[in-house]
Amino acid sequence: MAQTFDVVVIGGGPGGYIAAIRAAQLGFTTACIDDWKSKSGGPAPGGTCTNVGCIPSKALLQSSENFDHAGHSFADHGIKINGLSLDLEKMLQRKDTVVKQNNDGILYLFKKNKVAFFHGRGSFVAGNDAGYEIAVSEPANATIIGKNVIVATGSSARPLPAAPFDEQRIMSNDGALSIAAVPKRLGVIGAGVIGLEMGSVWRRLGADVTILEALPEFLGAIDQQIAKEAAKAFTKQGLKIQLGVKISAVKADKKGVVVSYANANAEAQTLAVDALIVSIGRLPNTSGLNGEAIGLKLDQRGFVVVDDECRTSLPNVWAVGDVVRGPMLAHKAEEEGVAVAERIAGQHGHVNFNTIPWVIYTSPEIAWVGQNEQQLKSAGRAYKAGTFPFMANGRARALGDTTGMVKFLADAKTDEILGVHIVGPLASELIAEAVVAMEFRASSEDIARICHAHPSLSEATKEAALAVDKRALNF
Ligand code: FAD
Ligand code: NAI
C-alpha cells in the first residue's frame with residue numbers, strides 16, 4: 001500500500017526543502033523527494049544552491065578573495081607575506097566541507113521537523129484532485145501519494161548548441177567550481193551573474209580570464225550607472241570583457257578550447273583557452289518528472305505554468321523556484337515555498353516580487369532592489385536620484401575599499417523609495433536595509449532621518465538618502 005502524505009514536495013533545493021519544513025510546521029504529514037547524490041552516492045539535499053551554486057561559489061569567492069588580499073592589499077596595511085602560495089586542493093576541499101555541512105544541516109532539519117525524506121527521482125504516475133501517485137526511483141524504490149504536491153525541481157545550466165558540457169574543457173557551473181589546476185587561460189561565455197562570479201574566482205587565483213558576452217551593454221538589466229562603475233573596477237582587476245560578440249563555433253580537444261566568434265564590429269576572431277565556462281542562463285528541470293502522466297502544463301520554454309500564487313494547471317499541484325517564471329534566486333524560491341505551504345493551509349501566503357533583492361558577489365559586490373533609472377525613465381515615472389560614493393565614507397577608507405557608491409531613486413512627489421542600487425564593499429549586507437525600507441514603503445527622508453552607526457558602511461546608505469534631497473553631509 002502506497003503511503004499517503006498531506007504534502008509531497010518534489011525537489012530538495014531551497015524552494016523544496018523550505019516548503020517541506022513550513023508544511024510540516026503547519027501540521028501536515030510531509031515528504032520531500034530529492035535525487036542529488038554526493039560523491040559517495042549518498043543523499044545531498046539542498047539542490048543546485050547547496051551543491052553547485054550559491055554555497056560553493058561563495059566559499060570559493062571568499063577563499064580566492066583572501067588569496068587576492070594576501071597577495072595585493074595586505075601590503076598596504078603593512079603586512080608583508082613572503083612565499084605566498086596557493087594550495088588549490090585544500091581550497092576545493094574546504095568548499096566541499098562547507099557544502100557537506102549544509103547538506104547535513106538540511107537532513108537534520110528534516111528529522112527535526114518530521115519530514116519524510118526520499119532519496120531518488122520522483123515522477124508522476126497518475127492522479128487527480130483526490131491525490132497524486134508518485135514513483136520514487138534510484139536509489140529509493142517507493143511509491144507515495146500526495147494529497148497536495150509541490151514541484152520544486154529547479155534548473156540546470158544551458159549548454160551552447162553543438163558544445164555539450166564535458167565538465168573538463170567545456171564546463172557548466174558544476175565543473176567551474178571544481179577545476180583541479182588553475183587554468184592559464186580561461187574563457188567564459190556570458191558576462192552574467194555566474195560568468196562574473198566564477199571569472200572573478202579564477203582570475204584571483206591566477207588565470208588570464210576573457211569573458212565573451214552577446215549583448216552590447218554590460219549588465220544591461222541593472223542600473224547602468226552602477227554597471228559602468230562595476231565594469232571599470234573589473235577591467236582594472238584584469239578581467240577582459242568583450243561585449244556584442246556572436247559565437248559561431250566552439251571546438252575542444254585535449255589541448256584546450258578554441259572559440260570562434262565575431263566581435264562587436266563583426267570581425268572574425270578566435271579565442272584559444274585551456275578551459276571554457278559556459279554561463280548563458282539556465283533551463284527548468286522537468287524531464288524525468290513525467291508531468292505528462294497528469295497533464296501538467298509547461299510553457300514553450302519548459303517552465304511549469306503557474307499563476308501569481310504558484311498554482312499550476314492542476315488542482316492541488318503547485319510549483320515554486322527556478323522551475324517557474326521569475327528570477328532564478330534561492331531566496332525567491334524559498335519565499336515561494338513558504339507562501340505555497342501557507343496557502344495549502346488556507347492562509348494568505350505572500351511574496352512581494354517588487355522587493356526581491358539581487359546580489360552579484362564579485363568585488364566590488366553589486367546589489368539592488370526595486371527599479372533602476374532606465375526602467376523609471378521608460379515608464380515615464382518622475383523620480384529624484386541621490387548617490388553617495390564610498391570614497392567619502394570613513395569605514396570604507398579604513399577597510400581600504402572605497403570603490404563604488406550607493407544610489408537611491410525616489411518618487412519625485414511622494415519621495416517613496418523606488419529602487420536602491422549599490423556597487424561597493426559588502427553591498428550584499430547593505431541592501432537589506434533598503435529591502436526593509438521598501439517593504440514598509442519608506443521615503444528616502446525616512447532613511448535620511450535614521451541614526452546609523454559611525455563609522456559604518458551603512459552611513460553611505462543614509463548619505464545617499466540625504467543626497468536625494470541634495471543635502472548629503474560628507475560629500
Ligand atoms: P534547485 O536548487 O535546482 O533544486 C532542485 C532540486 O530538485 C535538485 O536537487 C534536483 O536534483 C532535484 N530534482 C530535479 N528533478 C527531480 C525529480 N524528478 N525528482 C527528485 N528530485 C529532483 N541564487 C541566489 O539567490 N544567490 C546566489 O548566490 C546564487 N548563486 C548561484 C551560483 C551558481 C553557480 C548557480 C548555478 C546558481 C546560483 N544561484 C544563486 C541560483 C540558485 O541556486 C537557484 O535559484 C536555486 O537553487 C533554485 O532553487 P530551487 O529549489 O528552485 O531548485
Ligand atoms: P545570466 O542570465 O545571469 O547571464 C547569462 C549571460 O549570458 C547574459 O548576459 C546573456 O546575454 C549572455 N549570453 C546568452 N547567450 C549567449 C551567447 N550565445 N553568447 C554570449 N553570451 C550569451 O545567467 P547565468 O550567469 O548563467 O546564471 C543563471 C542564473 O543563476 C542567474 O540569472 C541568476 O538567477 C542565478 N545566479 C544567481 C547568483 C547570485 O544571486 N549571486 C549567482 C549565480 C547565478
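The values are calculated or read from the model by the stated rules, or taken from the named source; none is laboratory data. The model shown is predicted, which means the values in this text are computed figures rather than measured ones. As a convention, Cβ positions derive from the backbone with ideal geometry for all residues, glycine included, and neighbour counts pool all protein chains shown. Just the protein is used for accessible areas: all its heavy atoms, side chains included, with ligands, DNA and RNA removed. Shrake-Rupley method; radii C 1.70, N 1.55, O 1.52, S 1.80 Å.
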(request) Would you count, across the stretch 32-106, every pair of lysines whose alpha carbons are under 18 angstrom apart, provided the pair is eight or more residues apart or spans two chains? (result) 9
(message) For the pair Thr4/Lys112, report the inter-label distance in nm, with labels modelled 7 Å from Cα in the Cβ direction.
(response) 3.1 nm
(request) Can you tell me the relative contact order of the chain? Whole percent, Cα pairs under 8 Å, sequence separation 6 or more. (result) 14 percent
(request) Provide the packing ranking of 411-418, 28-35, i.e. peptides ordered by the mean count of other C-beta atoms within 10 Å per residue, highest first. (result) 28-35, 411-418
(request) Quickly rank 13-22, 265-274, 429-438 as a protection proxy: mean count of other C-beta atoms within 10 Å, highest first. (result) 13-22, 429-438, 265-274
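Given the Cα-Cα distance of Ala142 and Lys39 and 0.36 nm per residue of separation, how much length would full extension add, in nm?
Numbers: separation 103, 0.36 × 103 = 37.08 nm, distance 2.31 nm.
Result for the pair: 34.8 nm of gain on full extension.
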(message) Whole-Hz ³J(HN,Hα) for each residue in the stretch 200-214, computed from phi via Karplus 6.51 cos²θ - 1.76 cosθ + 1.60 with θ = phi - 60°, x for glycine and proline: what do you get?
(response) 5, 4, 6, 5, 4, 8, x, 6, 8, 9, 10, 10, 10, 10, 6
(message) Quick check on the stretch 170-280: of the DSSP beta bridges with both residues there, what percent are antiparallel, nearest 5%?
(response) 45 percent
(message) On a 1.4 Å probe surface of the protein chains, which of Cys49, Cys54, Cys310 comes out largest in accessible area, and what is the full order?
(response) Cys54, Cys49, Cys310
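About its Cα centre, how strong a charge dipole does the chain have in debye, to the nearest 20, once Lys and Arg get +1 and Asp and Glu get -1 at the Cβ?
Numbers: 47 positive and 49 negative charges, 163 e Å.
I would put it at about 780 debye.
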(request) Search the structure for amide H atoms under 5 Å from the amide H of Ala472, placed 1.01 Å from N in the peptide plane, and list their residues when 5 or more places away or on another chain. (result) Ala467
(request) Could you work out how far helix 14-25 tilts from the main Cα principal axis of the chain, as a 0 to 90 degree angle to the nearest 10? (result) 60 degrees
(request) Report, by chain and number, residues whose modeled amide H sits under 5 Å from the one on Ala126, excluding near sequence neighbours (fewer than 5 apart, same chain). (result) Glu133
(message) Taking 0.36 nm per residue of sequence separation and subtracting the Cα-Cα distance, how much length would be gained by fully extending the chain between Glu217 and Asn128, in nm to one decimal?
(response) 27.3 nm
(request) Quick one: order Trp318, Trp36 from most to least accessible surface, probe 1.4 Å. (result) Trp36, Trp318
(request) Please list, in chain and number order, the residues 5+ apart from Phe117 or on another chain whose amide H is under 5 Å from its amide H, with Hs placed from the backbone. (result) Cys32
(request) Extending each Cα 7 Å along its Cβ direction at Glu292 and Ser73, get the distance between those two points in nm, one decimal. (result) 5.4 nm
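Going by average Cβ neighbours within 10 Å, how do the peptides 384-390, 253-259, 194-200, 399-405 rank, with the highest at the top? All intermediate terms of the calculation are to be shown ahead of the outcome.
Details: 384-390: 21.1, 253-259: 14.9, 194-200: 24.0, 399-405: 18.9.
Top to bottom by mean Cβ count within 10 Å: 194-200, 384-390, 399-405, 253-259.
Just to verify a number: FRET efficiency for His350 and Arg381, C-beta to C-beta distance, R0 = 30 Å, to 0.05? Walk me through the numbers on the way to the answer.
Working: r = 24 Å, r/R0 = 0.81.
Given R0 = 30 Å and the Cβ-Cβ separation, E is 0.80.
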